[in-house]
Every structure is written in C-alpha cells, then in structure tokens.
Amino acid sequence: MQWRLTATWQTAHMPLHITTPLIESLPLSARTGRDVWLKMEALQPPGSFKLRGVGLACETHARRGARRFVSSSGGNAGIAVAYAGRMLGLPVEVVVPQTTSARARELIALQGARLTVHGASWQEANELAQSMLGPDDAFIHPFDDPLLWDGHATLVDELAQAGGCPDLVVLSVGGGGLLSGVVQGLHRNGWGHVPVLAAETVGADSLAQSVAAGERITLPAITSVATSLGAKQVCAQAFEWTQRHAVHPVVVSDAQALAACRRFLDDHRVLVEPACGAALAALDAVPPALHAVRRVLVVVCGGVTASAEAIMGVQPS
Ligand SMILES: *Cc1c(COP(=O)(O)O)cnc(C)c1O
C-alpha cells in the first residue's frame, strides 16, 4: 500500500483512543423502564473499544523498543493494531485465516498494514504469526493481556470523570478482555460494588457455560453470527472476576442480537456488529436479582466487520 498517512494530529503523550460520548438513550429507557446511558465506543477511530487496550499495548511496546507489531486477528483487534501502528509510525503484520471476510481484509489493508492470508482456521494463521516474531516484534493479543485490560479500564475512568456511578454495567463478552478491563476500571474508581451484565450469544457463550460449570470450559465450536464473540475459551482473568465480582452472564439468540442492531440503527443512527447487539439485547433480559437497578450503562462496543446488508438480513448480491 502506497499511501501511509502520517499521524499529523497525534501528539506525543496522548493516548491513541478518544474520549467517547456518554449519552442518554431515550428509546432504550422507554423500552426498558430504566435510565439507559450509552458509552459510545463504536465511535473510536477504528470502530470499536479495542483501540483502548490495543493502543496502550502498542504504545508501551513501542516505548520499550518494539519495531513492528504482529497480530493474528481478522476482526476488530487486528484493525485496531493496524490503526495503532499507523499512528505510531511502525509497520504492522496481520496474519488471518481464509475465513476472514473480504470486508475485514480491506479494512486492515486500508490502515496500511501488511496482510497475509494463511490457513483454514485462526489456529493456523496464529501459528504462522508466532513463527514470524523476531526480537524487535511485539505480538498483540486480542483479549488476554494485562496491558489490554489496563487500556480498556480507561472507559470507566471517563465515566468517573463524568461524575455518575451506574447501578449496572452491560457489556459483551468474547474472550473476556473487555469484561476484565471494565471490572478492573470499576474497582480502581471505587465502584467495586457495581454489578455487570455479561452478554453472549448462543454458540459463543463460553463465559456463561464456564460460570454454570464452575470452571473454565472450552466450546467445541463457535456457531453464532456474532463472530467477534467467538472465543472458544475466555481468558483466566475474566473467569476469575466472575468469582470475585457480581458478574451476571446473559445469553441471547443471534436473532435477538441482530434485531437489537437494527433497532439501534433506527434509534441512534449507528451501525454496530451483532457482537454489540448482544449487549443491547441483554437489556431485555435483566435477571430478577437486578430488577431494582435504575441507571444502566451500556458499553456500545461497536465493531466494523458486519455490513449494513448483513445486519438487515439482505444477502449481498
Ligand atoms: C472484541 C470484541 C468483543 C469482545 O471483547 P472481548 O474482549 O474479546 O471479550 C465484543 N464486541 C466487539 C465489537 C469486539 O470487537
């Protein structure tokens, strides 16, 4: 790719992520009978919250002397690494399997990253990515890294700066990086008592099944359309939080997640992935133990790998 944009507006010592809007949702408040607020992570430059953690990880590795970033995520994590590398002026290598959509490949290449397509599954792509790692390279994991959680936690710092403590936080869970970061953020802001509703879809419900089993399970396969939630096993940190924090797993259907995406597009004019629709749909499935909660904060995690056609259920021609 020829045009490598320079980060003109990016000044030193500034985080790569932006402070996102915190807005009240009247449609969701009316629908649920609660005060629903939205943390609009969909508006991060690469389209999802991933930039918070990935940005911090990339900046930290760059400061320690890394000369290249390597990722094996064909989803929002890979796109965020590509963005972070471009902003920091460092090359990025993303290795993805053949199953990665043309749209995701385009978005990674558009950020100026080098894209290699290898293997039938993520395991094979990841193996190649690992084999490429030289002494000056930093591998950026999509969800299992303390640097990532630390970066994701800034989302809660912004809420604290805005002044209001929610009664409940609703978010989506894939590998559990977002969950780990948000719970860490709640604790570091003195909000360790705030419960979390952890949304997944049927077929990507590795956290809910782990909590039910009392141990970290591995799903045999991912069968949900919410591909960004498709981690067969959550990270150990996420499971540990379920033992030490009020985390309530909720599982919704793909159809419910997609319907929530469509409603959100009408209500707030923002397109999000089914992975994010799962959290929006979970608002309709607040468990009885949480019935008294009034002020609900939804992490609108975003995601850019689903087209409007896919969300509307129209087959692209
Ligand atoms: C990565 C991602 C998730 C899941 O986050 P984890 O940290 O893997 O739990 C949810 N939604 C979107 C849009 C994502 O990109």
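The values are calculated or read from the model by the stated rules, or taken from the named source; none is laboratory data. All figures in this text were calculated on a predicted structure; none of them were measured in a lab. Glycine gets a Cβ as well: all are built from the backbone with ideal geometry, and neighbour counts include every protein chain shown.
List of remarks:
- Flag for residue 197 being in a strand (DSSP E or B) and more than 16 Å from residue 49 (Cα to Cα): yes
- Of residues in segment 217-257 being in a loop (DSSP other than H, G, I, E, B) and in contact with a Phe, Trp or Tyr (Cβ under 7 Å, 6 or more places away or on another chain), the one nearest to the ligand (Cβ to nearest atom): 231
- Matching residues in segment 77-123 - criterion: being hydroxyl-bearing (Ser, Thr, Tyr) and either crowded, with 22+ Cβ neighbours inside 10 Å or modelled with pLDDT of 95 or more (or both): 83, 100, 116
- Residues that are crowded, with 24+ Cβ neighbours inside 10 Å and closer than 27 Å to residue 106 by Cα within segment 280-308 comprise 299, 300, 301, 302, 303, 306, listed in sequence order.
- Of all residues making up segment 105-136, the number that are of a type in the set (Gly, Ala, Ser), closer than 12 Å to residue 78 by Cβ and in contact with a helix residue (DSSP H, G or I) (Cβ under 7 Å, 6 or more places away or on another chain): 1
- Just so you know, in segment 40-68 the residues that are charged (D, E, K, R) and more than 18 Å from residue 173 (Cβ to Cβ) include one that is nearest to the ligand (Cβ to nearest atom), and it is 59.
- Hey, residue 151 under 18 Å from residue 75 (Cα atoms) and small (Gly, Ala, Ser) or not: no
- Condition check for residue 260: within 15 Å of the ligand (Cβ to nearest atom) and under 15 Å from the mean Cα position of the chain (by Cα): no
- Screening the candidates 182, 196, 170 for the property of being within 22 Å of residue 42 (Cα to Cα), surrounded by 21 or more Cβ atoms within 10 Å (Cβ to Cβ), without any contact (Cβ under 8 Å) to a residue 60 or more places away in the chain and within 16 Å of the ligand (Cβ to nearest atom) yields one hit, 196.
- Residues satisfying the stated conditions in segment 57-69, i.e. outside any helix (DSSP H, G or I) and either surrounded by fewer than 24 Cβ atoms within 10 Å (Cβ to Cβ) or out of contact with any strand residue (DSSP E or B) (no Cβ under 7 Å at 6 or more places or on another chain) (or both): 64, 65, 66, 67, 68
- Among the candidates 259, 246, residue that is among the aliphatic types (A, V, I, L, M) and without any contact (Cβ under 8 Å) to a residue 24 or more places away in the chain: 259
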